[in-house]
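Chemist: Here it is, the structure in full.
The values are calculated or read from the model by the stated rules, or taken from the named source; none is laboratory data. No experiment lies behind these values; they were computed from the predicted model shown. Note that each Cβ is placed from the backbone with ideal geometry, even for glycine, and that neighbours are counted across all protein chains shown. To get the accessible areas, we keep the full protein, side chains included, count just its heavy atoms, and leave off ligands, DNA and RNA. Shrake-Rupley method; radii C 1.70, N 1.55, O 1.52, S 1.80 Å.
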Amino acid sequence: MIRPILRYGERPLHETAVNVTTFDDSLQRLIDDMIETMYGVPGIGLAAPQVGVSLRVFVVDLSVGRDPKGLIVMINPAFVEREGTQLEEEGCLSAPGFNATVVRPQRAVLKGLDRDGSEQTLAGDGLLARAFQHEMDHLDGIVFIDRLRGIKRDMIVRKIAKMKKTGKW
Ligand SMILES: [Zn+2]
């Protein structure tokens, strides 16, 4: 089932998510729904807080469903390693229409659990490292706009506030 994606300004998106403790049917349903929702947009990553669930779960698929091996489901992840920096344009399904350059690690290694609760360690370079950091931020209540500074951030926040007022957000 495709779930509605929350937008910047909606509460659960700005809160720290909690660890998953039970691997039950409702978690499996949430993960299936997140994958379907991500592919439906389409997007390359989605975190549970973006669909209003404050749990430390995210899905990433750089191939957007084209490569069956491309799908990553990460639960209760933590960084093991972060190296280097990259500067690229970035967007977010919770802030449609906005892009900005964000500093991210060039390489990131994450340790966490898969959807069955088994431990997994995944390394990402370039875009995958960027996606890991972007989704990890969501689990801590941070949207990429919050990572911007000064005029660029103010401009986006002001535009969103204006769209909210007119019911376009
Ligand atoms: Zn996002």
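For every residue, the table says whether it meets (1) loosely packed, with under 14 Cβ neighbours inside 10 Å; (2) not acidic (Asp, Glu).
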site	(1), (2)
94	no, yes
124	no, yes
137	no, no
162	yes, yes
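Chemist: Moving on. Can you name the number of the only condition in (1) closer than 22 Å to residue 4 by Cβ; (2) more than 16 Å from the ligand (Cβ to nearest atom); (3) open to solvent by 50 Å² or more (accessible area, probe 1.4 Å) that residue 82 fails?
Modeler: Condition not satisfied by residue 82: (1).
Chemist: While we're looking at this one, here's another question. Are there any pairs, at least 6 apart or on different chains, whose C-beta atoms fall under 6 Å, with the first in segment 132-151 and on the phi > 0 side of the Ramachandran plot and the second more than 8 Å from the ligand (Cβ to nearest atom), and if so, which?
Modeler: Matching pairs, first to second residue: 141/14; 141/15; 141/16.
Chemist: Determine whether residue 58 is surrounded by fewer than 18 Cβ atoms within 10 Å (Cβ to Cβ), within 20 Å of residue 122 (Cα to Cα) and among the aromatic types (Phe, Trp, Tyr). Steps first, answer last, please.
Modeler: Values: surrounded by fewer than 18 Cβ atoms within 10 Å (Cβ to Cβ): no; within 20 Å of residue 122 (Cα to Cα): yes; among the aromatic types (Phe, Trp, Tyr): yes.
No: the conditions fail for residue 58.
Chemist: I would also like to ask the following. Going by the conditions given, is residue 98 within 14 Å of the ligand (Cβ to nearest atom), in a loop (DSSP other than H, G, I, E, B), in contact (Cβ under 8 Å) with a residue 12 or more places away in the chain and touching a helix residue (DSSP H, G or I) at 6+ places or on another chain (Cβ under 6 Å)?
Modeler: yes
Chemist: Answer yes or no as to whether residue 168 is surrounded by fewer than 13 Cβ atoms within 10 Å (Cβ to Cβ) and not in a helix (DSSP H, G or I).
Modeler: Working: surrounded by fewer than 13 Cβ atoms within 10 Å (Cβ to Cβ): yes; not in a helix (DSSP H, G or I): yes.
Yes, satisfied.
Chemist: Taking the criterion of being loosely packed, with under 14 Cβ neighbours inside 10 Å, part of a loop (DSSP other than H, G, I, E, B), modelled with pLDDT of 95 or more and within 13 Å of the ligand (Cβ to nearest atom), would at least one residue in segment 19-36 satisfy it?
Modeler: Checked against the condition, which is being loosely packed, with under 14 Cβ neighbours inside 10 Å, part of a loop (DSSP other than H, G, I, E, B), modelled with pLDDT of 95 or more and within 13 Å of the ligand (Cβ to nearest atom), segment 19-36 yields no hits at all.
Chemist: While we're on this one: Working only within segment 148-160, note down all residues that are part of a helix (DSSP H, G or I) and crowded, with 17+ Cβ neighbours inside 10 Å.
Modeler: Result: 156, 160.
Chemist: Filtering segment 37-53 down to residues that are under 25 Å from residue 99 (Cβ atoms) and away from the ligand (no atom under 12 Å from the Cβ), which residue is least open to solvent (accessible area, probe 1.4 Å)? Spell out the reasoning first.
Modeler: Quick first cut of segment 37-53, residues under 25 Å from residue 99 (Cβ atoms) only: 37-52.
Still in the running and away from the ligand (no atom under 12 Å from the Cβ): 37, 39-40, 42, 52.
Working: 37: 3, 39: 75, 40: 50, 42: 88, 52: 38 Å².
Checking each candidate, the answer is 37.
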